[in-house]
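A quick write-up on the structure given underneath.
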Amino acid sequence: MTGKKNRSKCAAAGRQDGFSVLEVIISMAVLTVGLVGLLGVMGLAMASTQSSEQLAIAKRLANEALESILTARETANVQWSQIANGSCAIGDPTGCGIFLPNAQPINLPGADGIIGTNDDAAAGPEVLDSPGADGVFHNSCPAGPDVCTPLTNYTRTIAITPFVSNGVADANLNTITITVTYTNPQFRAPQSYVLQTLISQYR
């Protein structure tokens, strides 16, 4: 009897060792689903990082344009009436607006040093200059070793209108709306960053 009991225990122990083929298949399926989900999260994180970078560039371009408008106000050669949409050159005796309307490519400021005016096209496109692999800013764009990012994916619209309160336009106050539009590969649709503020003619 004792020998039979020992053999039964050995047989039972032998049946408990290892995994069945079904258990291995189920484990592999669970592992595969987990890895696929992890890859999806990593892809989403990378896309979000790219979107954040594009938004940061759009904010920079909008602030750059606003600073340019403030510079125009501080420039003695620019009248308050010229801080408006139009296509005149600085110093034009008619006093019409110097800031181009509608969406414009991102160009360097022209000879007048003010962004968004009609002489910017002659200055050429603006390029975002970032430090390269050495982490040192060399101001070397469009050539290396800095990382030079073209801004052809962006357009900028500067809209300047008189501020209206209770149906009456204020001659001394303008509403500035700067819209930077870019294409986001993640959503495959145009995205926009809008900066709106007021500017007074008083320095």
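Values in this text are rule-based calculations from the coordinates and carry no lab data. It should be emphasised that the depicted structure is a prediction, and the values quoted were computed from it without experimental measurement. Positions of Cβ are backbone-derived with ideal geometry, glycine not excepted, and every protein chain shown enters the neighbour counts.
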Rounded to the nearest 0.05, FRET efficiency between residue 128 and residue 163 (Cβ-Cβ, R0 41 Å) equals 0.80
Net charge (Lys, Arg +1; Asp, Glu -1) of residues whose beta-carbon lies under 11 Å from that of residue 107, residue 107 excluded, is -2
Once the dipole of the stretch 59-203 is set up from charges on Cβ (+1 Lys and Arg, -1 Asp and Glu), the residue from the list 99, 190, 81 lying farthest towards its positive end is 190
Quick calc: nm separation of the 7 Å Cα→Cβ label points for residue 32 and residue 177 -> 5.3
